[in-house]
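The values are calculated or read from the model by the stated rules, or taken from the named source; none is laboratory data. Quantities reported herein were computed from a predicted structural model and do not represent experimental measurements. Neighbour counts are summed over all protein chains in view; Cβ atoms, including those assigned to glycine, are modelled from backbone coordinates with ideal geometry.
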Amino acid sequence: MNQYDYQKELLQNRHPKYYQELIERKPYEFKAGEVKPIAYYLPQFHAFPENDEWWGKGFTEWTNVTKAMPQFEGHYQPHLAGELGYYNLMTDGVMERQIELAKMYGVYGFCFHFYMFDNRKRLLERPLNKFLANPNLDMPFCLCYANENWTRRWDGSEQDVLMAQSYGENSAIDLVSELLPYLLDSRYIKIDGKPILQIYRANIIPNLEQFVKQLRQEFINAGVGEVYLVSCITFGIGDARKFGFDDNVEFPPHIIEHNVLTEKINLFNSDYQGVIYSYPSVVQREISNNSIQNFSRMYCVLPSWDNEARKPEKGLTLAGSTPTLYKYWLQSACNKTITERPESQRFVFINAWNEWAEGAHLEPDRRYGYAYLEATYLAVSNQSKSINYNEVDFIETYLLTTCKELIPSNRLSCDNQVHDLEQQLANKIKELSEVYNSKSWKLTAPLRNIFKLLKQKKND
């Protein structure tokens with residue numbers, strides 16, 4: 001199958017297994033002791049002068065999203081918007097509906113990315129200020145200070161810097177001045193009475209420990225009081241408590257282990273330079289407590305990840321993501337949080353609510369509908385319960401993303417075959433379970449042990 005035919009079929013079809021229609025329900029009511037999910041929120045989807053200058057008149061994140069192309073069989077691109085459409089965050093009613101959907105499906109709050117550059121220059125501030133000015137938008141929120149250069153490569157590197165982020169003697173003072181109206185808002189999320197403030201790239205701040213001390217003092221001087229400072233685990237920062245932070249938070253796909261699939265995938269494009277990893281392998285590691293991080297942290301999960309839209313032919317893709325696997329990961333994160341943290345600190349983060357150009361969004365799309373939102377609700381409403389995950393879900397996605405010789409070249413037509421394999425496997429498991437639990441199997445156990453010992457002795 002060529003790229004065009006694959007994309008044509010993909011765009012014309014809802015996912016036959018996972019597509020989920022809207023389920024209208026009342027806002028989820030969190031019970032005492034339950035973990036509250038907070039989704040990262042990108043306030044980008046509106047035109048502003050700098051983007052007009054750098055990328056062309058009227059550019060928004062949707063410009064990249066809608067032109068993405070699939071690079072291999074099983075590659076879900078482009079991600080096309082569902083109910084909310086290609087919205088403008090400055091349009092009345094958009095945030096209202098986002099909040100309505102989030103609360104309906106068990107998302108407790110948003111963590112807005114906050115951008116400030118040299119000389120207190122702000123970007124993407126208009127949606128956040130619009131939210132702040134409207135108390136009827138009754139969504140708890142906090143901020144993540146996205147303290148890196150704004151670059152043409154979308155990665156905060158030193159190459160092609162469009163808006164610089166550096167640090168001088170007044171940086172902490174300037175930051176507190178800009179953050180003050182948000183942290184004093186009644187909707188702001190707190191831990192033990194302290195507003196949560198995340199810093200995305202603590203590793204690039206010179207004299208970090210001194211900066212943290214100064215930042216804390218400036219918040220006290222400004223009347224905010226103590227803040228709960230959290231470092232995102234990115235770019236090798238490790239446990240930031242040694243620099244004076246209160247806590248750490250995961251920020252996948254940073255610092256998680258992946259199984260590389262790039263060489264096992266049927267590529268459409270011989271010039272493709274991206275990297276393809278296994279989403280199922282990540283989830284299995286995380287729910288098995290095999291994470292490479294060995295220090296205290298708040299957990300964060302991904303519904304999916306694919307930044308092909310931002311980096312055409314050079315993206316990073318976690319292949320094989322499904323709403324079911326995401327549900328397992330989120331429920332596991334909730335369960336671990338309940339075990340490890342006091343009630344006042346029971347938050348997990350989701351990356352993200354609307355990172356469309358990174359393929360990481362809970363918002364409904366044309367392919368899956370509301371499936372990832374429903375998976376969020378199921379995980380949240382079943383937290384503290386044991387995870388009854390089905391290995392078949394991992395086997396299915398493994399087959400679809402790694403074992404190309406076992407499935408037809410047409411990725412989209414193989415779901416029925418996979419379903420048949422699932423059923424066959426389930427039947428075999430059931431049969432074996434019945435045998436192992438039967439009286440005859442238990443009664444003959446001593447004989448089998450004798451035969452095993454005799455065989456071992458013969459081999460020796």
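Mind listing whichever residues of the stretch 45-70 are among the β-branched types (Val, Ile, Thr) and either under 19 Å from residue 127 (Cα atoms) or part of a helix (DSSP H, G or I) (or both)?
Of everything in the stretch 45-70, those that are among the β-branched types (Val, Ile, Thr) and either under 19 Å from residue 127 (Cα atoms) or part of a helix (DSSP H, G or I) (or both) turn out to be 60, 63, 65.
Exactly one residue out of 401, 397 is surrounded by 21 or more Cβ atoms within 10 Å (Cβ to Cβ), at pLDDT below 90 and out of contact with any Lys or Arg (no Cβ under 9 Å at 6 or more places or on another chain), and it is 397.
Look at the stretch 33-53: where a residue is in contact (Cβ under 8 Å) with a residue 60 or more places away in the chain and a partner is in a helix (DSSP H, G or I) and among the acidic types (Asp, Glu), sitting 6+ places away or on another chain with Cβ atoms under 7 Å, you get 33/343; 44/61; 45/61.
Each residue in the stretch 256-271 was checked for being surrounded by 12 or more Cβ atoms within 10 Å (Cβ to Cβ) and outside any loop (DSSP other than H, G, I, E, B), and 3 of them qualify.
Looking only at residues of the stretch 280-297 that are farther than 15 Å from residue 339 by Cα and β-branched (Val, Ile, Thr), we find that the one that is modelled with the lowest pLDDT is 292.
Look at (1) in a loop (DSSP other than H, G, I, E, B); (2) over 18 Å from the mean Cα position of the chain (by Cα); (3) of a type outside the set (Val, Ile, Thr) and you find that residue 253 fails only one, number (2).
Taken over the stretch 67-93, the criterion of being among the polar types (S, T, N, Q) and without any contact (Cβ under 8 Å) to a residue 60 or more places away in the chain is satisfied by 88, 91. The sole residue among 74, 106 that is surrounded by 21 or more Cβ atoms within 10 Å (Cβ to Cβ), at pLDDT 95 or above, over 26 Å from residue 123 (Cβ atoms) and touching a Ser or Thr at 6+ places or on another chain (Cβ under 7 Å) is 106.
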